[in-house]
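The values are calculated or read from the model by the stated rules, or taken from the named source; none is laboratory data. No experiment lies behind these values; they were computed from the predicted model shown. Every residue, glycine as well, gets a Cβ built from its backbone with ideal geometry; the counts of neighbours run over all protein chains shown. Only protein heavy atoms, including side chains, enter the accessible area calculation; ligands, DNA and RNA are left aside. Shrake-Rupley method; radii C 1.70, N 1.55, O 1.52, S 1.80 Å.
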Amino acid sequence: DASREDGRVVTDLLEVDGKNGKAYFEICLTPVIGSTEPVYRSIAIGLLDVTNAKAYESELNKKDKMLMSLLESTSNYLIRTDMEGKYTYVNDAFCEKFGFPREQVLGKYYAPTVHPEDIKECEKAMEKLSVNPDGVVIFEMRKPNPAGGFFNTEWEFVFVRDERGEIVEVQGVGHDIT
């Protein structure tokens, strides 16, 4: 590949086994053009150690898989609300378990999805979280059963921050304890 006659740069990833495990290098081969005519008699070689970047990419992939397993979980309910208590995200398990079509709850205030007697507990939980914004608040609440009655659920709530560190959402992860 390095002797391409079209003058294109060739890059590839090189994997090397070493004493401390694998190392990764990005190798770049660039034909050197002659001054009077396009004769490629030499090649410039660039070598960049990308081992740390590959390790970081691997960690991100692991975290991404863990997050996807949580999002796709059939036993954990994942929700997010804005700071006014309106749903911004609900996972499939939440919609299926409690019988809410996603489009019916997104952008809507959370209270209709909670037993009326548990709304005060939700408000108290948010007050506790406001006092300790880096903490986790755990509490129980009842959620409607589409077949009638309610499910007993336990939830963990945390604040979600944006890239500037501002609190922008509340995230809850819940499960059935009925």
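Each residue of the range 162-178 was assigned a 3J(HN,Hα) from its phi angle through the Karplus expression (A = 6.51, B = -1.76, C = 1.60, θ = phi - 60°), giving 8, 5, 8, x, 7, 6, 10, 8, 10, 10, x, 10, x, 8, 6, 10, 4 Hz with x at Gly and Pro.
Mind checking the per residue accessible area of the chain for me, 1.4 Å probe, whole number of Å²? Counting only protein heavy atoms, the per-residue value for the chain is 67 Å².
Note on the range 24-178: with neighbouring protein chains present and a 1.4 Å probe, carbon and sulfur make up 54 percent of its accessible heavy-atom surface.
Annotation for the range 36-132: GluC sites (Glu not before Pro) lying in DSSP loop with at most 16 further Cβ atoms inside 10 Å of their Cβ are Glu72, Glu84. Taking Leu129, Leu14, Leu60 as the candidate residues, the one with maximal mean-square fluctuation in a Gaussian network model of the chain, Cα springs under 10 Å, is Leu14.
Between Leu67 and Glu154, the C-beta separation translates, for a Förster distance of 25 Å, into a calculated FRET efficiency of about 0.75. Going by alpha carbons, how many degrees (0 to 90, nearest 10) lie between the helix axis of 119-131 and the longest principal axis of the chain? Long axis of 119-131 versus the principal axis of the chain: about 50 degrees.
Which trypsin sites (Lys or Arg not before Pro) does the range 97-178 hold that lie in a coil by DSSP with at most 14 other beta carbons within 10 Å? Listed in order of number, the matching sites are Arg164. Between Ile167, Ile27, Ile138, find the one with the highest GNM mean-square fluctuation for the chain; connect C-alpha pairs within less than 10 Å. Maximum among the listed residues: Ile27.
Looking at the square roots a ≥ b ≥ c of the eigenvalues of the Cα gyration tensor of the range 56-178, which shape do they give, rounded for a/c under 1.5, prolate if a/b is larger than b/c, or oblate? Judged from the Cα gyration tensor, the range 56-178 comes out oblate (a/c at least 1.5, b/c at or above a/b). Rounded to the nearest 20 debye, the dipole size of the range 42-178 about its Cα centre is 160 debye, using +1 on the Cβ of Lys and Arg and -1 on the Cβ of Asp and Glu.
A dipole drawn for the range 75-178 from +1 and -1 charges on Cβ atoms has a positive end, and of Gly107, Phe150, Gln171 the residue lying farthest that way is Phe150.
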